Every structure is written in C-alpha cells, then in structure tokens.
Amino acid sequence: MANFSEEKPPVDSKLYAAESLSSGKSEQEKAHLEPVDGAAVRRAVLKMDLTLLPVMTLIYLLSFLDRSNIGNARVAGLQKGLHMTDHQYQVAVTITYVPYVLSEIPANLILRRVGPNVLIPTLLTVWGVVVIVQGFVTSFHGLAAIRFFLGLLEGPILPGIVLYLSGFYTRRELSLRVALFFSAASLSGAFSGLLAAAIVNMDGVGNKPAWAWIFILEGIFTVLVGFASFFVVPATPKDANFLSEEQKRLIIQRLEKDTPFVNPLDTFNIKQVLSVFITPHVFIATVVNFMGGTNLFGLAFFLPSIVSQLGFKSNHTQLLSVGPFAVGFVVTLVVSYLSDKYKSRAVAIVLSQLLSVAGYSIALASSNKHVLYGTLFLTVPGVYAIVPVISTWFSNNTEPYYRRATSIALGLGAANSGGILSTWRYPTKEGPRFRKTNIMNLTFTLMMIVLTIVNALMLTRLNRQKKTRRAQILAPYATEEEPEGGLRAWVALGDRHPDFKYVI
C-alpha cells in the first residue's frame, strides 16, 4: 500500500472536517491510528444526535410543511377563495417545483464556500417571510408568483442537509440520521393536518379566511426558527460548541478513518461535477428517485384531497390525514435503522416498495371508501421510507466532495421533478379511486424494485472488478515515490479507487 505523509493539512473552519482533516492514508496505515475509547466516541456521537439532529429535523419539517400545506389550505377554501380552477391549482403547485429543482445543484456546490451555518438559516428565514406573504394573495397570479420564490428558497434544503450531515457522520451511520430529519416530512403531514384542523376555526378573524391563517401562522413560526438557527448551526464538527475539544478530536479521527480524501487536493473541478451525469450507478438511482418522488409528492400534496373525495367532511378530513403520515414516520425510522445496521441500501429500498405495491394493488381492486383509506397506511410508509436510504446511497457511493455534492443534489432534484408529474396525475374527476394514477404509481413502484436490484448487482460487480484490476486502475497515477498513486490517485479516481468499496 502507498506510504502517505504523516503531515496533516491546516484546518479551514469553512470546510467539512471529513475532508479538510483527512490524512489520505491507506487502509493499512489507518489501522495503525492510535486506538480510541469506544464509549467516549459513542458519547460524542450521541451529543451530536441530541444537539444537531433536532435542529435539522425542525428545519426540514418546516420546509416540507410550508411547501405542502397548500393541500390543507385547498381543503380549507383556498381554491374557492381565489376563484381558481383545478387546472390553475395544479399550475400553482407545479411552479413551485421548477426553481426548486434548478436551485439544488448550484446551492450544493456553493454550500462549502458560503458555509452551511450561514446559508441554511438564511434560506429558512427568508422563505418564512414568503410563506407569510402567501396568506395575503388575492389572485391565482399572486399565488403563482409566491410559489415560484418559495420553491427557489426551499430547493437547496434537503440536498444541503444531506451533504452537511455527511461531514459529521460516517457512511455507515448516515442513513439513520437522514431518516431522523427526513421523518419530519411524514411527521409534517400529520402535524399539518392537526394544525390546519385547529386553524380553520380562525376563519374570519381579521377579515382573513381560514386558509390564509394557515400560511400566516406557519410562516411566522418559520421566521422565528430561522433567526434562532443562526446561533445553533455549526459549520463543521470543529466549530460545534456543544462538543468538548476531546470530543471534536474523536469525531474528526473517526471521520478520517471513513474517508481517504484530503482537502488541499480536493478543489472544485467542473470535470468532477459533469462526470456524475454519466456515472451508471448514479443514473440508475436518479431514475429510481424520480419515480419515488412522483409517488411521494402525489401523496404529500393530495392526500387531504384524496381523503376528502372519499366522502369525509372537511375538518374530519384534516384529522384523518394524520394517521398515514404518523405510520410513515415510524416505518421510515425503522427501515433506515435496519439499513444502517446491516449496511444494506438495496434491500431496504425493495422491502419498502413492497408495502407500496400492496397498497396500490388493494386500492385498484376495491371501491370501499374505508378500504381505500386503509391503503394509505401502506402506500405512505412505503414511499416515504425509501427517501433517506436512497439519499444516503448517493452520498455513500460518490467521492470526492464535489462529485458527492452534485450526486446528492441530482438525485433529490430528480425526486422533486417527480413532484411536477404527480401534480398532474390527481385530477379531481378521477377521484375517489384515482384508478389511472394508481396504475402509474404501481408501475413506477415495480420498476423501482427492478432497477434497485440491477443497481445493486452492478455495484457488486464493480467492487469485484476493483480487486481484480487494482494494479491496472492505479498504474496511470503511479510514481517512484508513490507506486500506487497516493493522494493524486484518490482525488482523480474518487469512488472508482480500488480501496473505495461501494455500499450495496
């Protein structure tokens, strides 16, 4: 193995510790790092879990809540109040996704430069103001304009948080941590229903309709959290005031063992960014994420309307929307925990999708409103549970930093593009069974299972090829001093390096 220098590069507080402090050592050299106290490491990780994750969870909960509460506002009279047709409502929802998707990759590429401790709180605060303004619109055109800016500001949040957390946790731990904050998505569906059920009683207060108060009150809370987050979001583990100096050292040391990349050589390179778009395993996972996003956002935005068309009253509908999202919250955590424990992404994705297959199949076979409502307890957990796992799959299998940043944003951008399709797949006239839409959802789910298996087999094959073709892969980077290429090989090859093992 290569004999890398023991000298470490200087620390830059703007950069992720996993890369800025990584020594680029070979596996053999890593094994000789000084032993660490396992109990002390667990305490340090627990402190991050209890301090960092609640903040990220709340931020993402507000992101999903402020984006999807338009479904609750619709039930509360938004569409009627603004004299919108079904077509115009779908246009207003669709407009949110266009800037949302387009902003994800650029935002991830500048996250390191601006600093997550600045960018994330700023986006949160500003979009909170936009949500408040949404409660004062008086026409379809006003709503459409506001939704455009909401999408532009919220787009960077999910890929940004995934990338951010990948600088605090090892690859094996990341899925559960992503699930803990992403579970806020399903939790927001439940919370939004309960909150909307209470807010509708404010109808007429201040001469504002109930749907307007949903936006105003939730927007005010978002702004308050945004201001507070400037003081509680650290840029890197090194900047985390809630960790002691010893705990920072332990966290950084374990990150060094988990990644071979070193920041001074890992600078922005447009070739790295573009290479992501022609990487087969990223492409397949991106297609899977597009179909998963179609199913997920269809339920996120239209579940209250789906329940309402089953024949339940408005306020009852808001409450009935809570159950499926609450179950989705629990299933998402369980699936991600097991995915991390057994170091398997593909199996977790496939098993989750089997829940969706059952739900959509039953929905197609039944016309009973109670059975149709019951299928939501299968489809919602199924479509929500895969997002943390597949998001982590992107992060686990692409390096160095800018390839990883692009990969995460590309995959999640595809999922949000699926939201555009789902917006146009729930026409009111098709309810309450939504037969054509459920056929599409079932087809997508089956395709996702097949593609996930194909991707897993391909990654397994690539891992085997790395072992058999090791010398051939490293030969172009070999020098007399570094017969296996050293750091140059790591940065040039990234996840294609023979010592980088793809997570299956």
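The values are calculated or read from the model by the stated rules, or taken from the named source; none is laboratory data. Computed from a predicted model, the values in this text were never measured in an experiment. Note that each Cβ is placed from the backbone with ideal geometry, even for glycine, and that neighbours are counted across all protein chains shown. With ligands, DNA and RNA removed, areas are computed over all heavy atoms of the protein, side chains included. Shrake-Rupley method; radii C 1.70, N 1.55, O 1.52, S 1.80 Å.
Does residue 357 satisfy the criteria of being under 17 Å from the mean Cα position of the chain (by Cα), crowded, with 17+ Cβ neighbours inside 10 Å, part of a helix (DSSP H, G or I) and among the aliphatic types (A, V, I, L, M)?
The answer is no for residue 357.
For residues that are under 30 Å from residue 400 (Cα atoms) and open to solvent by less than 20 Å² (accessible area, probe 1.4 Å), tally how many sit in segment 199-255.
12
Going by the structure shown, is residue 3 within 16 Å of residue 134 (Cα to Cα) and either more than 20 Å from the chain's Cα centre (by Cα) or modelled with pLDDT under 90 (or both)?
no
Name every residue in segment 134-152 that is in contact (Cβ under 8 Å) with a residue 24 or more places away in the chain and open to solvent by 30 Å² or more (accessible area, probe 1.4 Å), in order of residue number.
136, 138, 139, 140, 148, 149, 152
Out of the helices (runs of 4 or more DSSP H) lying entirely within segment 262-344, which hold 3 or more residues that are surrounded by 24 or more Cβ atoms within 10 Å (Cβ to Cβ) and either touching a strand residue (DSSP E or B) at 6+ places or on another chain (Cβ under 8 Å) or not β-branched (Val, Ile, Thr) (or both)?
So the answer is 280-309, 322-341.
In segment 108-125, is there at least one residue being open to solvent by 10 Å² or more (accessible area, probe 1.4 Å) and part of a loop (DSSP other than H, G, I, E, B)?
no
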